[in-house]
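S.K.: Once you've had a glance at the structure underneath, I'll fire off some questions.
The values are calculated or read from the model by the stated rules, or taken from the named source; none is laboratory data. Keep in mind the model is a prediction, meaning the values are calculated, not measured. We place every Cβ from the backbone using ideal geometry, glycine too, and count neighbours over all the protein chains shown. Only protein heavy atoms, including side chains, enter the accessible area calculation; ligands, DNA and RNA are left aside. Shrake-Rupley method; radii C 1.70, N 1.55, O 1.52, S 1.80 Å.
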Amino acid sequence: MSKKRILIVEDEPSLVFTLRDTLENEGYEVAIVEDGNEAVAKVPEFQPDLMLLDIMLPGMSGFEVCKRVREMKLNFPIIMLTARDQEIDKVTGLNIGADDYMTKPFGVKELLARITARLRRVNTYSKPGPIDVVDLGEVRIELNKSKVVRPDKEIELTTREVELIRFLVANSNEPVSRDTLLEHVWRYEYSTNTRTVDVHISKLRSKIELHPDDPRHLVTLHGVGYMMKMP
Ligand code: CA
């Protein structure tokens, strides 16, 4: 197995030194940039599996970097490194697509544990691929046009629904928990919870199922979550 790549975006030399040393010792391939603009440029070239991202950076803030990365439709985990007690930063970070945050100064062991946990979760589920159309027999989901074509009508899909379908289809015929959907589709946005997932699934089901009360594809697994059944 090839080494997992971690991109460190941090401008504090002593912290960079510690992080590089620790992560390389753990067997990760590490790249370092100290500037927000360079971080955005480095991502496509280095193709990190995970990014450690400081907030206060020269060039461009960590928030902006995070936003740009997500706009590139890249879903690798981002752990933000915040200064002590910047509560507002944590909320902002999670809202714009960061997966986790560490408050400085943090223990190296805890950071390694979080990194391992994040990388493991990513590996458990398949990332959505560039699928344009999902053929469910009588119903065709045109993801590229954000619509559902059914025998009785055509229905528009929201951006979130498209993202939800992409994730479910990438992991079709596998049980997917509500927490997993929160993490991968909503990325733990502020004020979302498992109820949010249920509401969206129910709405989506009424769009893609001809008989939502007796779904053939988007099924509920009681006590587990949901599953997209595909031929
Ligand atoms: Ca900094």
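S.K.: In the neighborhood of residue 3, defined by Cβ-to-Cβ distances under 11 Å, what is the net charge if each Lys or Arg adds +1 and each Asp or Glu adds -1?
M.R.: Result for the local shell: -2.
S.K.: At a 1.4 Å probe, what is the % contribution of carbon and sulfur to the accessible area of the stretch 5-126?
M.R.: Exposed carbon and sulfur together represent 49 percent of the surface.
S.K.: Also, quick follow-up: Nearest 0.05, what FRET efficiency do residue 125 and residue 103 give at R0 = 45 Å with Cβ-Cβ as r?
M.R.: Rounded to the nearest 0.05, the efficiency is 0.95.
S.K.: Ignoring ligands, DNA and RNA, please state the percent of accessible area on the stretch 133-228 from carbon and sulfur, probe 1.4 Å.
M.R.: Taking all protein chains in place, the stretch 133-228 shows 45 percent carbon and sulfur surface.
S.K.: Checking a compactness column here: for the stretch 133-228, what do you get for Rg(Cα) / (2.2 N^0.38 Å), N being the number of residues?
M.R.: Scaled against compact globular proteins, the figure is 1.02.
S.K.: With every protein chain kept in place and ligands, DNA and RNA left out, what is the accessible area per residue of the stretch 133-228? Probe 1.4 Å, answer in Å².
M.R.: Accessible area per residue, the stretch 133-228: 51 Å².
S.K.: Provide the gained length on full extension for the span residue 3 to residue 56, in nm with one decimal, where the gain is 0.36 nm per separating residue minus the Cα-Cα distance.
M.R.: Using 0.36 nm per residue and subtracting the Cα-Cα distance, I get 16.2 nm.
S.K.: Provide the FRET efficiency to the nearest 0.05 for the residue 22-residue 132 pair, computing r from the beta carbons and using R0 = 30 Å.
M.R.: 0.10
S.K.: Which values of log₁₀ I(q)/I(0), to two decimal places, follow from the Debye formula for the stretch 5-126 at q = 0.10, 0.15, 0.19 Å⁻¹ with a uniform point scatterer at every Cα?
M.R.: -0.25, -0.60, -1.03
S.K.: Can you list the lysines whose alpha carbon is less than 29 Å from that of residue 67, not counting same-chain residues fewer than 8 positions off?
M.R.: Those lysines meeting the cut-off are 3, 4, 42, 90, 104, 109, 127, 145, 147, 203.
S.K.: Okay, moving on. Using only alpha carbon pairs under 8 Å that are at least six residues apart, calculate the relative contact order of the chain and give it in whole percent.
M.R.: Reported relative contact order: 13 percent.
S.K.: Looking at the stretch 19-159 only, what percent of DSSP beta bridges run antiparallel? Nearest 5 please.
M.R.: 55 percent
S.K.: Could you tell me the extents of the chain's C-alpha atoms along the three principal axes, largest first, rounded to whole Å?
M.R.: 63, 37, 34
S.K.: Let me ask you something else. Sum -39500 (n - 2.57) across every DSSP H segment of at least 4 residues in the chain, then divide by the residue count to get the 222 nm mean residue ellipticity, nearest 500.
M.R.: Here the helix-only value at 222 nm equals -12000 deg cm²/dmol.
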